[in-house]
Ligand SMILES: Nc1ncnc2c1ncn2[C@@H]1O[C@H](COP(=O)(O)OP(=O)(O)OP(=O)(O)O)[C@@H](O)[C@H]1O
Ligand SMILES: [Mg+2]
């Protein structure tokens, strides 16, 4: 048996090459954001922070950032609230067509974004909703829902149902039980879900591109700027900040997700 | 205990789809009584308890608590409180806030609330532990918190679902006595669900034995042990040797029977037996048989046998004796007075038996 446990000689090298290939472009982004020159090529011309310093002055960029924060915030709140109730129902109750409903909720994970985006555009236009931030918020809520549902489901999986019964038994109302017992116990899951769904929305391009109209979100704005070489270093600086922020956000989200499984013994 | 009935159940029935989980449940419990529902796993004990608590609806029947019909009264408005099998301690709250949880709804002043909670903590011997977090508690302490949290509400009936089953053996035995003492000192009616016959017998005023959703017999522990109503109840509580017999004559409260291996015997009628035919079943508790090397004197019947097996239990020794005419070996329990095991397999022995030790178990 031990013979099988030995790996092929090339495997570690392959794994290493794979990781380099995957992450070099990501690392190049911050490197060039400090480059004192507009041409993205080695050798570097010298270090500078000016691309970062200029960011604050670019009004359209700031507006796009705000658009993204608004869309991300509302979509995160909406998908997490929906996910909270859906997950509780999926974990606690048996009802007709439960499996099918769960499958449908998870569907956005596998449908190609371009199809979702174009069909949403058609649908929104046909019901009279012009491309706008509202349309993007609706689209992102839909996209983020599967993430919210699965995070909240794992929070409820760990949740002993008799805790709710105990609160009700002690004279609390159904709403009071939810507020005083259910919410606090699943709150780490809620925070994790808010962070993840926010990130999903914040990064999203295709839907936002189709639905945002003349109110671009940040990814859409960055895409539009890439065509102007002079603006590229600014975009790289912005990209580096976003990269750092997303990593921080996901680390925090993961921390809270792990907390859920610990607190609800 | 007073004579007043605190709970009355009448013909309560609960179905899950076509499966009948509880049927014909009729029961009256006295104020201040410690009542146990005893039965094997899946017999419907928890379902019955949850029906009383209001967590489970029921199709048929009527429940009255302290004279008030419980129909349409939800669990959070019933004068009952529950100690859950998992204890259901709120993990995000301290011990104090767990116990205070139900009181927050009543408009008590801060001082009154503190006092009530501290009294409850004293009662379960958790004095000074109010500041602990739920995850800093041992199993026994969690159990006490669950108890204090329910008792602080001053329920008319406290419902307990296998409250001790998660504790280890020594702690469980200590808690059995403590729970009993607590119940007697506060005088609240306890309804406890358990599948542990010893737990039920050591703690309860009365026990209801349940099989497959039906209450078979409700009695004081010693009556249940001496006069079980049928084979199932007899087998579930304590050890029992079953012997098939034939009814010769029924005469008032006496039965003349012919039992396999033992011959003709005169035994008392068991008033709890509901059905009796010409084929009878009798039972003898292992500790009621005398075992001796020579024929013992002064017994209503004696019988010869051969030791098939010996099992040493510490406080007693069990001998399994083959007797001619009986298909099952007869088990005999001898208290371990002198730290000796007197017989070994293959020994010839005599068994002695008084007629008064023989239990009539009705239809065979
Ligand atoms: N919600 C439910 N839906 C369907 N069947 C149920 C439900 N709750 C209980 N049952 C069934 O009813 C029967 C009685 O269950 P119950 O929990 O009352 O048993 P129990 O006597 O408490 O057993 P245990 O000692 O194992 O806890 C079991 O066969 C169980 O499978
Ligand atoms: Mg049970």
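Derivation of every value follows stated rules applied to the coordinates shown; laboratory data play no part. A quick note: this is a predicted structure, and the numbers were derived from the prediction, not measured. Here the Cβ is made from the backbone with ideal geometry for all residues, glycine too, and neighbour counts use every protein chain on show.
Annotations
- Once you reduce the range B:10-57 and the range A:152-175 to the center of their Cα atoms, the two points are 23 Å from each other.
- Choice from A:93, A:23, A:52 with maximal GNM fluctuation in chain A (Cα, 10 Å cutoff): A:23
- For the pair the range B:235-289 / the range B:297-317, the C-alpha centres are spaced 19 Å from each other.
- Distance from the range B:161-179 to the range A:20-68 (C-alpha centre basis), Å: 67 Å
- Ranked by the mean number of other Cβ atoms within 10 Å of their residues, highest first, the peptides A:80-87, B:33-40 come out as B:33-40, A:80-87.
- The mean count of C-beta atoms from other chains within 10 Å of the C-beta of residues in A:206-214, rounded to a whole number, is 0.
- Considering only A:24, A:235, A:38, the Gaussian network model of chain A with Cα springs below 10 Å gives its largest mean-square fluctuation to A:24.
- For residues of A:178-187, the mean tally of beta carbons on other chains within 10 Å: 2
- Angle in degrees between helix B:139-151 and the longest Cα principal axis of chain B, rounded to the nearest 10: 70 degrees
- Pairwise Cα inverse-distance average, inverted: Kirkwood Rh of chain A (Å): 21.4 Å
- Calculated SAXS-style log₁₀ I(q)/I(0) at q = 0.07, 0.09, 0.10, 0.12 Å⁻¹ - the protein assembly as shown, Debye, Cα scatterers: -0.70, -0.92, -1.02, -1.21
- The angle between the Cα long axis of helix A:183-203 and the longest principal axis of the Cα atoms of chain A comes to about 30 degrees, rounded to the nearest 10.
- Computed from the alpha carbon positions, the gyration tensor of the range A:145-265 leads to an equivalent ellipsoid with semi-axes of 41, 15, 10 Å, biggest first.
- Whole-percent P(r), chain B, all Cα pairs, 20 Å bins from 0: 25, 46, 25, 4.
- Folded to 0 to 90 degrees: helix B:169-186 orientation relative to chain B principal axis, Cα: 60 degrees
- Kirkwood hydrodynamic radius of the range B:55-182, from the reciprocal of the average inverse Cα-Cα distance over all distinct pairs: 15.7 Å.
- Placing one equal scatterer on every Cα of the range B:173-290 and applying the Debye formula, the log10 ratio I(q)/I(0) at q = 0.12, 0.16, 0.22 Å⁻¹ is -0.54, -0.83, -1.27.
- Share, in percent, of DSSP beta bridges within the protein assembly as shown that are antiparallel, nearest 5: 80 percent
- Highest mean first, the peptides A:8-15, A:241-248, B:85-92 sorted by other C-beta atoms within 10 Å per residue fall in the order B:85-92, A:241-248, A:8-15.
- GNM flexibility winner over chain A from A:42, A:16, A:159 (Cα, springs under 10 Å): A:16
- Counting Cβ atoms of other protein chains within 10 Å of each residue's Cβ and taking the mean over peptide B:78-91 gives 5.
- Modelled FRET efficiency - R0 51 Å, residue A:62 with residue A:157, Cβ distances, 0.05 increments: 0.75
- Each distinct pair of alpha carbons in the range A:70-199 adds a 1/r term; the inverse of their mean, the Kirkwood radius, is 16.0 Å.
- In terms of its C-alpha gyration tensor, the range B:1-132 comes out prolate, because a/c is 1.5 or above and the ratio a/b outweighs b/c.
- Packing rank of B:351-357, A:104-110, A:219-225, A:143-149, where each peptide gets the mean count of other beta carbons within 10 Å, highest leading: A:143-149, A:219-225, B:351-357, A:104-110
- The range B:5-226 - share of DSSP beta bridges that are antiparallel (%, nearest 5): 55 percent
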